[in-house]
Amino acid sequence: MTNSDPSSIPAEHAPTKIMSAAKSAASRAKSKLYYLPVLPWGPVLNMPHRLWWPVVAVIGLIQLVGRTFILTGRSFYWDDFIVVGHLYDSPILSSGFLLQDHDGHLAPLSFLVQGIVATLAPWNWWIPAIVLLTLAGLLTVACAKLLEHITGRTWASAFLLAVIAWTPLGIPGGTWWSAGINALPFHLAFVVFLTIAIRTTLRRDFPPKPINYIGALLILVIALGFFEKALAIAPVSLLLVATMAYMERRDVKAILRRGISIWLPSMLVTGGWALWYYFGVPHTVSHASDNLKPELFFNGLGQIFSGMVGGPGQWERWMPGQPFADASAGLITVGGITLLVLSAILIGRDYRGWAPWAVAVAYIFATLLAITIFRSGENTSGMLAHTLHYYSDVAIVIVVSIAMSCAGTPPENEAPVPLPKRTRSMLWLLGAVLAVSSSISVVTYRAAWADDTTAKWLDTTQRSLAALQAEAAQAGPAKALDYNLIDQPVPFEVLLPVAAPTNMYSHVFDKVEARPPFSRITGTPRMFGSDGAIIDAKVSEVTRVQDGPVEQCGHRIVVGDNGSVQVDIPMSGIIKLGDWVLEFPATASENMDVRLSLPNPFETEEQTRAGSTVVPMTTELRPRYVNLNGGGNVLRVTIDRATPGASLCMGAGAIGPLVPAKL
């Protein structure tokens, strides 16, 4: 008779002892259920429970060291400037900014976060870097919790977690601000949503509670606000839960019914968001191309194969684009064979393993087909599929599917043979190989950014703007005109002209407080050098306004009796359509507004007026430098709402682009 036998307990202590024993048994049962499932292949891969979180911490630390190494070697990039550039003419909480037309994306929360960061600390890279590192760390922890509920606290779970944390498929999207603030919240929400779904439908030790359903729905809504690809969360999670129930020999229909309070509202929200994405915000919808490029599909598949084994190992970069993977054919082959052999082994040990692998393959194909259909075009290169930020979520789905194919619970007559003792050593070896190959990819990815000058350009530009503002403050209001800056495009190495108008200095540095104003008129011509430094400039003459016939005045323009006048002054030659700067030496008999424009037969009157500039004139004779858009061989001078008989004297002046004064 044991001490736990109630008959051995003294009568006066029986109720207390029995209650204590019951609580202890319940606690042990709960603990046992919590750490379930354990792989049904013997104890070889079991891990002491106390080691689980230290191992997770080591995996996460290695990941964060690699990400930090990359983040300290790069800065803001193309889309980061374009998204924030829309704040120039749209308030941060307006639909114009939150629903901006940006490459087919519907991501208002992502744009909001970028706008807030740019407003509070414009172009301070350390804030986005910390956000990206924090999200990456949270994602690793969330993946660890998810794998606990699939393959338990085992060495297999640790290895699969390392694959998610270390695969280079997550590097570009995890270190590029605009892509990361899209993708990482989506990945985190997907993993947490799936964890909640598994816990409440497949794990009886976590009874369904309203907070679970509300939490899952809230997580989904937030994820949709960050990235339209979160439309996949609910349907893919449902497939994975059904797959896991199938692997565990459970009643799939009963399991799905048990989670109806999760599936029904989440599917309704997903459907509603999809309709809004397609019909409500038309400019966000990418259109299928008639000129499909199959190489996008096959190139992308190869990069996924190499990424799952730590590739690509090497990267190429065409400025000002981002680095793209340049995996060798050998590495792609190794990755493909590895996944093929692994699927054969797991399906061979439990024939039901075909189901999770089918989900993984379907997700890979859906992703690659979407890229092929919506990114193909006459000007699209097959190298587009080598930009790995498209595939970071694919890596998560593949790993979760592998975990589920490991976690089947076949009956005794179908139970797989226990794993040989060397299996754990093999996992350690594979983990070491993955760490080395991924580290090589991390180092070479950072090296690919070595020729990027954006960080130095941002620093130089902001220091130059602050110095010029300080100089303007010393000079006082009377000299304010001399410190206006005429706008110009940023260097090609930062943004190409196709990004216009967000490639203009005024858009990029709109939220920087320590700067003089950008204007279409200045008293002293200055410009930005290629490094961002502000330098003295001059007008490089393409044509010019000739001197007028009136001595000591040049072109004399007199306001008519109706308070207005319009005069076309011929130039010495024709200038093509474009942005130009006019040297405008003039004085007026009284303060008045003078509109200057470049009319031509190729533009409407509205277009000509949009490209014109109104110059506030005073009685002071001095040159002013005026930014005009247009072309032709005539300068139009228009004066409205002035005193009849008032006059404007205008001298000769060159028109052309601003160039460094030292040229």
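Could you give the length gained on full extension between Leu256 and Ala450, defined as 0.36 nm per residue of separation minus the Cα-Cα distance, in nm?
64.7 nm
In Å and from the alpha-carbon atoms only, list the Rg and Dmax of the chain.
In Å, with Rg to one decimal and Dmax whole: 33.1, 126.
How large is ³J(HN,Hα), in whole Hz, for each residue of region 499-513 in order, when computed from phi with the Karplus curve 6.51 cos²θ - 1.76 cosθ + 1.60 and θ = phi - 60°, using x for Gly and Pro?
8, 4, x, 6, 8, 8, 4, 5, 6, 5, 10, 4, 8, 7, 6
So if I take the centroid of the Cα atoms in region 451-486 and the same for region 232-295, what is the distance between those two points in Å?
One Cα centre to the other: 51 Å.
Once neighbouring chains are kept in place and the probe is 1.4 Å, which whole percent of the accessible area of the chain is contributed by carbon and sulfur?
64
What Kirkwood Rh does region 401-559 have if only Cα atoms enter the pairwise 1/r average? Answer in Å.
22.2
Once you have the Cα-Cα distance between Ile373 and Ala435, take 0.36 nm times their residue separation minus that, and quote the gain in nm to one decimal.
18.9 nm
Rounded to the nearest 500, what is the 222 nm mean residue ellipticity of the chain from helices alone, with -39500 (n - 2.57) per DSSP H run of 4+ residues and division by all residues?
Rounded to the nearest 500, the figure is -16000 deg cm²/dmol.
Could you tell me whether region 550-663 comes out rounded, prolate or oblate from its Cα gyration tensor? Rule is a ≥ b ≥ c as square roots of the eigenvalues, rounded for a/c under 1.5, then prolate if a/b exceeds b/c, otherwise oblate.
It is oblate, given that a/c is not under 1.5 and a/b is not larger than b/c.
Ordered by packing density, taken as the mean number of other Cβ atoms within 10 Å over each peptide's residues, highest first, how do 593-600, 625-632 rank?
Those peptides, ordered most packed to least, come out 625-632, 593-600.
Search the structure for amide H atoms under 5 Å from the amide H of Ile569, placed 1.01 Å from N in the peptide plane, and list their residues when 5 or more places away or on another chain.
Answer set, sorted by chain and number: Leu635, Arg636, Val637.
Between Val281 and Leu340, what is the label-point separation in nm under the 7 Å Cα-to-beta-carbon projection?
If labels sit at Leu340 and Val281, their model points lie 4.2 nm apart.
Roughly how many whole Å is it from the C-alpha centroid of region 310-354 to that of region 517-576?
61
Rank-order 652-661, 138-147 by packing density, defined as the average count of other C-beta atoms within 10 Å over each peptide's residues, highest first.
In decreasing order of mean packing, 652-661, 138-147 become 138-147, 652-661.
Would any residue of region 438-460 have its amide N under 20 Å from a label point 7 Å out along Cα→Cβ of Ala514? List them or say none.
Of the residues in region 438-460, 454-460 have backbone N under 20 Å from the label point off Ala514.
Which length gain, in nm to one decimal place, applies between Lys662 and Asp547 when the Cα-Cα distance is subtracted from 0.36 nm times their residue separation?
Length gained between Lys662 and Asp547: 38.8 nm.
So for each of 171-179, 463-471, 354-362 I average, over its residues, the number of other beta carbons within 10 Å; can you give me the resulting order with the highest mean first?
Going from most to least packed, we get 171-179, 354-362, 463-471.
Convex hull volume of the Cα atoms in region 27-165, per residue, in Å³?
In region 27-165, the Cα hull volume divided by residue count equals 160 Å³.
With Kirkwood's inverse mean 1/r over C-alpha pairs for Rh, give me the Rg to Rh ratio of region 259-373, two decimals please.
We get a ratio of 1.07 for region 259-373.
Relative to a virtual label point 7 Å from the Cα of Ser540 in the Cα→beta-carbon direction, which members of region 566-590 show backbone nitrogen distances below 20 Å?
Flagged as within label range: 572-584.
Taking the simple approach of a point 7 Å from Cα along Cα-to-Cβ for both Val498 and Ala329, what is their distance in nm?
3.0
Might you list the cysteines of the chain that have no disulfide-compatible partner by the rule of another cysteine's Cβ under 4.7 Å?
That list is Cys143, Cys406.
If I model a spin label at Asp482 and Asp640 as a point 7 Å from the Cα along the Cα→Cβ vector, what separation in nanometres do I get?
3.3
Treating only the Cα positions of region 38-107 as identical point scatterers, give the base-10 log of I(q)/I(0) from the Debye formula at each q in 0.21, 0.25 Å⁻¹.
With one equal scatterer per Cα and no solvent, log10 I(q)/I(0) is -0.93, -1.05.
Kindly state, to the nearest 0.05, the FRET efficiency for Ala274 paired with Val131, given R0 = 30 Å and r defined as their beta-carbon distance.
Using R0 = 30 Å, I get an efficiency of 0.60.
Between the alpha-carbon centers of region 608-643 and region 393-449, tell me the distance in whole angstrom.
69
Quick one: grab the alpha carbon gyration tensor of region 216-295, order the square roots of its eigenvalues as a ≥ b ≥ c, and give me rounded if a/c is under 1.5, else prolate or oblate depending on whether a/b is larger than b/c.
oblate
Dividing the alpha-carbon radius of gyration of region 319-367 by 2.2 N^0.38 Å (N being the number of residues), what value is obtained?
Expressed relative to 2.2 N^0.38 Å, the Cα Rg reads 1.56.
Is the shape of region 152-276 best called rounded, prolate or oblate, per the rule: a/c under 1.5 gives rounded, else a/b larger than b/c gives prolate, else oblate, with a ≥ b ≥ c the square roots of the Cα gyration tensor eigenvalues?
The shape class here is oblate.
The values are calculated or read from the model by the stated rules, or taken from the named source; none is laboratory data. In this text the structure is predicted, and so the values were computed from the model without any measurement. All Cβ positions, even for glycine, are placed from backbone atoms using ideal geometry, and neighbour counts span all protein chains on display. We work out accessible area using only protein heavy atoms, side chains counted, and drop any ligands, DNA or RNA first. Shrake-Rupley method; radii C 1.70, N 1.55, O 1.52, S 1.80 Å.
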